[in-house]
Amino acid sequence: MITDLRTIAAILDELLTVFEPNWQAMTDPWLIGMEGGPPEPLFSVLANPQGVTCGRCTTILKSALQQLRRDYAYTRYRESIAALSMCPCKSKYEEHILAEQVAEGEIRLFERARRNIDFAASRKEEYLARLLKG
């Protein structure tokens, strides 16, 4: 399962509570590839067929995360994504997470991220084969 874009934003918020970024040195405790290819990935957090985040919120989040990677202006990032809390896809996302928690038990973001990494690693060869096919 590919991580939903709203989960990326939640992981970023959690990372910032655990790791203190050095904003003056413009360094951060994360590395989020939000720029795409080349080659453009077949599946990604931005092109997730099972994603719950709507197209409008995906565009807002993608732009905000890319800008954050460029300028480290975390306050501006939070302001730019504030509208996401009003979108109906937020409720859909929360229902999705709740259903996942009911099915698997409550899982911390760290564990969810680890599971997604394990999933990606298990499908890496298949993914590379698809890229080679073109």
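Some values worked out for this structure:
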read-out: Scope the stretch 111-126; condition among the charged types (D, E, K, R) and exposed (fewer than 14 other Cβ atoms within 10 Å of the Cβ); matching residues; value: Glu111, Arg114, Asp118, Arg123, Lys124, Glu125, Glu126
read-out: Where a residue in the stretch 119-134 is modelled with pLDDT under 80 and its partner, wherever it lies, is loosely packed, with under 12 Cβ neighbours inside 10 Å, with Cβ under 8 Å and at least six apart; value: Tyr127/Leu42; Arg130/Leu42; Leu131/Pro39; Leu131/Leu42
read-out: Tyr93 vs. criteria hydroxyl-bearing (Ser, Thr, Tyr), assigned to a helix (DSSP H, G or I) and under 19 Å from Ala10 (Cβ atoms); value: yes
read-out: Matching option when the condition is over 16 Å from the mean Cα position of the chain (by Cα), surrounded by fewer than 13 Cβ atoms within 10 Å (Cβ to Cβ), modelled with pLDDT of 65 or more and in a loop (DSSP other than H, G, I, E, B), among Pro49, Pro39; value: Pro39
read-out: Single match in Ile107, Ile8, Ile32 (criterion: surrounded by 14 or more Cβ atoms within 10 Å (Cβ to Cβ) and either modelled with pLDDT of 75 or more or aromatic (Phe, Trp, Tyr) (or both)); value: Ile8
read-out: In the stretch 56-90, the residues that are more than 11 Å from Ala9 (Cβ to Cβ) and in a loop (DSSP other than H, G, I, E, B); value: Tyr72, Ala73, Cys87
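The values are calculated or read from the model by the stated rules, or taken from the named source; none is laboratory data. It should be emphasised that the depicted structure is a prediction, and the values quoted were computed from it without experimental measurement. All Cβ positions, even for glycine, are placed from backbone atoms using ideal geometry, and neighbour counts span all protein chains on display.
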